[in-house]
Amino acid sequence: MADVSPRAIRGRVLTFVRAPAGAGDAQSYRYIEDGVVLVKDGHVEQVGPAAELLARLPADALVEHHADALIMPGFIDPHIHYPQTQVIASYGAQLLEWLEKYTFVEEQKFADPQHAARNAAFFLDELARNGTTTAVAYCSAHPASAEALFSAAHRRNAGMIAGTAIMNRNGPPGLLEPAHDAITASRDLIRRWHGTGRQRYAVTPRFAITSTDEQLAEAGALLKEFPTVLMQTHLDENKNEISTVKRLFPDDPSYTAVYARFGLLGPRSLFGHCIHLDDAEVALLRDNKSVAVFCPTSNLFIGSGLFNYERLVAAGVRIALATDVGGGTSYSMLRTAAEAYKVMQLQGQNLPALAAFDLMTRANAAALGLEGEIGSIAPGAFADLVVLDARATPAMAHRMEVTRDLEEELFVLMTMGDDRAVRQTYIAGRPALKLNH
Ligand SMILES: [Zn+2]
């Protein structure tokens, strides 16, 4: 998959080096007004001012100049459901009914490898169109669904993290596996795909409601057996969901405590939603260095509630930002950041543009334990890049006439931007989009 010639990608280069302390924190990022990212064999070889790098470019280098556009690390989406590309925009239900009425129906179709392959291709195309270069994806319960996604991502050299949804109760028969079978299937997929090229595995109990004690215990044992795999599940999203968990696990003090009892908390564990946590649950997440994944478009669309960002930051909980398609309503991390801003506004909180773009790139990489490999433009990192145009629509161009600085431009991009603002996406140094918008 190595490119023969190095590629020099020129434009306004922006990458974060740490979490911004607030608006105006110019030390949190590195910005080069006329920069070049020199890419070789899928990785960033050098990054610096065009005036310096162009002068000593190898003779065979391809130069691609994205004048006026921002070159940033590709976006990272740490919570998305690839079998829900035809569930997105399903009307009129809250979580448990939405699962039963729409999601479980569509996910059963992924028993068919051809359906899975077609959807995996669509999913990866759509991520690239939105500038997302890595995602942490739930597959359906069928091993064929994970197989389809991993093999499609591997062919594209795109770094994906995924796992089959483990569930053995409270779902339709077509999605339920006896505990042992689901775990055996996950183990086989880990052996096949975890560490194959850029692919990684996440053990994926859908949520506590759909697994018995025995299955959750086996999921915990699997994490011990393979300490470098990740874990993803849902937590404290919806009030009816929480009361169902209390009924199913009457001896556990909280929803989070159920997962803790089975060894599912830890620094590689991603918990989607985390809206209705009590103080003891917040402390459990913090003490186990687990990640709370903020999914604003989903939380608004399914009517789940408002993620309390500042409370979790103050408590020292690690946070990531994600779309949660198909509960979420957009594949665009820009649209997701715009809704995060509004969710925080409703609680008297702010999300500065710098913090939002750091979340979509460096901080989401850090939440996955992949800082340095993805999420930054720095020598040695994969050359996963997004090229953003803040003048992509007439309304954006009109608004940009009066922006005064980079931070205002970023805020225009996150508030008004979507896939139309993505001029190109590079995956391991190769352009993923054939046509510019
Ligand atoms: Zn989800």
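The values are calculated or read from the model by the stated rules, or taken from the named source; none is laboratory data. Quick caveat: nothing in here was measured; it's all calculated off a predicted structure. Cβ sites come from the backbone with ideal geometry, for glycine too, and all protein chains shown count toward neighbours.
Things to note:
- Residue within the stretch 404-419 that is within 24 Å of L38 (Cβ to Cβ), of a type in the set (A, V, I, L, M, F, W, C), at pLDDT 95 or above and within 20 Å of the chain's Cα centre (by Cα) present: no
- Evaluation of Q232 against (1) free of Cβ contacts under 8 Å to residues at least 60 places away in the same chain; (2) not in a loop (DSSP other than H, G, I, E, B) (one fails), failing number: (1)
- Boolean, L189 is surrounded by 24 or more Cβ atoms within 10 Å (Cβ to Cβ), in contact with a strand residue (DSSP E or B) (Cβ under 8 Å, 6 or more places away or on another chain), in a helix (DSSP H, G or I) and not hydroxyl-bearing (S, T, Y): no
- Those residues of the stretch 291-323 which are within 16 Å of the ligand (Cβ to nearest atom), in a loop (DSSP other than H, G, I, E, B) and buried (at least 20 other Cβ atoms within 10 Å of the Cβ), in sequence order: C295, I302, S304, F307, A322, T323
Table: residues versus (1) within 19 Å of E107 (Cβ to Cβ); (2) more than 16 Å from the ligand (Cβ to nearest atom); (3) under 26 Å from the mean Cα position of the chain (by Cα).
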{"site": "M231", "(1), (2), (3)": "no, no, yes"}
{"site": "D236", "(1), (2), (3)": "no, no, yes"}
{"site": "K239", "(1), (2), (3)": "no, yes, yes"}
{"site": "P250", "(1), (2), (3)": "no, yes, no"}
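- Any hit, the stretch 28-47, residues being buried (at least 21 other Cβ atoms within 10 Å of the Cβ) and hydroxyl-bearing (S, T, Y): yes
- D251 vs. criteria surrounded by fewer than 16 Cβ atoms within 10 Å (Cβ to Cβ), among the acidic types (D, E) and in a loop (DSSP other than H, G, I, E, B): yes
- Candidate set: the stretch 326-354, residues that are polar (S, T, N, Q) and assigned to a helix (DSSP H, G or I); chosen: the one farthest from A421 (Cα to Cα): Q345
- The residue of the stretch 403-437 that is surrounded by the most Cβ atoms within 10 Å (Cβ to Cβ), among those that are part of a helix (DSSP H, G or I) and of a type outside the set (A, V, I, L, M), is F411.
- The criterion of at least 2 residues that are within 25 Å of L433 (Cα to Cα) is met by the following helices (runs of 4 or more DSSP H) wholly inside the stretch 67-184: 113-129, 143-156.
- Against the criterion of being more than 21 Å from E409 (Cα to Cα), of a type in the set (A, V, I, L, M), free of Cβ contacts under 8 Å to residues at least 60 places away in the same chain and not in a loop (DSSP other than H, G, I, E, B), A51 qualifies.
- Residue check for E107: free of Cβ contacts under 8 Å to residues at least 60 places away in the same chain, among the acidic types (D, E) and over 17 Å from G429 (Cα atoms): no
- Summed over the stretch 189-228, residues that are of a type outside the set (D, E) and farther than 26 Å from N157 by Cβ total 17.
- Boolean, Y259 is of a type in the set (F, W, Y) and in a helix (DSSP H, G or I): yes
- Some residue of the stretch 326-333 being over 19 Å from R206 (Cα atoms), away from the ligand (no atom under 15 Å from the Cβ) and among the β-branched types (V, I, T): no
- The set of residues from the stretch 267-289 being closer than 22 Å to E371 by Cα and either in contact with a Phe, Trp or Tyr (Cβ under 6 Å, 6 or more places away or on another chain) or within 14 Å of the ligand (Cβ to nearest atom) (or both) comprises L270, F271, G272.
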